[in-house]
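> I'd like to ask you about the structure that follows.
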Amino acid sequence: MAAPLARLVLATGNPGKVEELSALLGARYEVEARPADLPETVEDGETLEHNARKKAVEVRDHAGALAVADDTGLFVDALNGIPGVRSARYAGEPADAAANVATLLAAMADVADGPARRAEFRTVIVAAWPDGSEVVVTGIAPGRIAMERSGEGGFGYDAVFVPDEGDGKTFAEMSAEAKNAISHRAKAIEALLGALD
């Protein structure tokens with residue numbers, strides 16, 4: 001009989017992220033979503049790493065288990081790295097993905113299609129153990145911002161981000177499997193799994 005999987009608690013309750021991270025981590029860990037009774041973390045850091053660490057530590061302390069938190073930002077060259085660490089709330093509060101995408105497209109309305117629309121998704125993941133140890137890893141997916149939304153899958157900015165490693169489709173046009181093979185989050189998870197070995 002196989003030994004039970006170690007418990008791993010995610011610092012997100014976002015169904016899209018939970019599904020994505022469970023698919024990537026589920027073979028090695030018993031993955032749980034963020035505890036429903038834990039208030040949302042205030043993401044007030046100036047870097048992705050600061051926000052990810054804050055979330056991981058709060059969940060670790062609450063759940064008493066290995067906690068994994070990620071923070072992701074979309075960094076757009078033409079906008080000097082904006083929205084960056086503020087990607088989730090780019091259009092203001094309350095956070096709204098459709099409004100964020102609309103705000104981004106409006107900000108880039110005068111930027112011609114091609115190299116000027118370069119961007120990259122960055123994910124920083126912090127794994128925090130009850131003994132105080134931690135691992136920090138980063139995953140990057142370079143690409144460009146499309147001229148308009150395309151695709152129904154994914155979440156966040158997926159409908160306007162065309163990764164370099166894809167076949168010209170946005171993340172939202174790809175299957176979950178295709179996206180997970182090349183995404184910033186998948187690369188960060190791969191780095192995390194390597195660090196956990």
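> How long is the gain from Leu196 to Arg7 if the chain were fully straight, where each residue apart is worth 0.36 nm and the alpha carbon distance is subtracted?
66.7 nm
> I'd like the Karplus ³J(HN,Hα) series for the stretch 27-44: coefficients 6.51, -1.76, 1.60, θ = phi - 60°, whole numbers in Hz, and an x wherever there's a Gly or Pro.
6, 10, 9, 7, 8, 10, 6, 3, x, 5, 8, 9, x, 4, 6, 7, 8, 10
> Enumerate the residues in the stretch 53-90 having an amide nitrogen under 17 Å from the point lying 7 Å beyond the Cα of Ala36 toward its Cβ.
The answer is 63.
> Can you say what percent of the DSSP beta bridges in the stretch 1-109, counting only those with both residues inside, are antiparallel? Round to 5.
20
> Applying 1/(1 + (r/R0)^6) with R0 = 25 Å to the Cβ-Cβ distance of Glu165 and Asn14, what FRET efficiency is obtained, to the nearest 0.05?
0.60
> Quick check for the chain: number of Lys pairs with alpha-carbon distance under 17 Å, counting only pairs 8 or more apart or on different chains?
Count of close lysine pairs: 5.
> In nm, to one decimal, how far is the Arg86 label point from the Ser175 one, both placed 7 Å along Cα→Cβ?
3.9
> Just to confirm a number: summing +1 for Lys and Arg and -1 for Asp and Glu over residues other than Pro115 whose beta-carbon lies under 11 angstrom from that of Pro115, what do you get?
My count for the surroundings of Pro115 gives +1.
> Once you keep just the Cα pairs under 8 angstrom separated by 6 or more residues, what percentage relative contact order results for the stretch 104-146?
This gives 42 percent for the stretch 104-146.
> Let me ask something else. With unit charges on the beta carbons (Lys and Arg positive, Asp and Glu negative) and the dipole taken about the Cα centre of the stretch 66-136, which residue among Ala69, Ala102, Ile125 sits farthest to the positive side?
Sorting the options by dipole projection puts first Ala102.
> Select from Glu30, Glu40, Glu93 the residue whose mean-square fluctuation is largest in a Gaussian network model of the chain (Cα-Cα springs shorter than 10 Å).
Glu93
> When Lys and Arg each count +1 and Asp and Glu each count -1, what net charge do the other residues less than 9 Å away from Ala146, Cβ to Cβ, add up to?
+1
> Modelled label-to-label distance, Asp113 and Ser133, 7 Å Cα→beta-carbon offset: nm?
5.1
Here, each number is a calculation from the coordinates, and none is a lab measurement. Quick caveat, the model's predicted, so the values are computed rather than measured. Here Cβ is always computed from backbone atoms with ideal geometry, including for glycine, and neighbour counts include all displayed protein chains.
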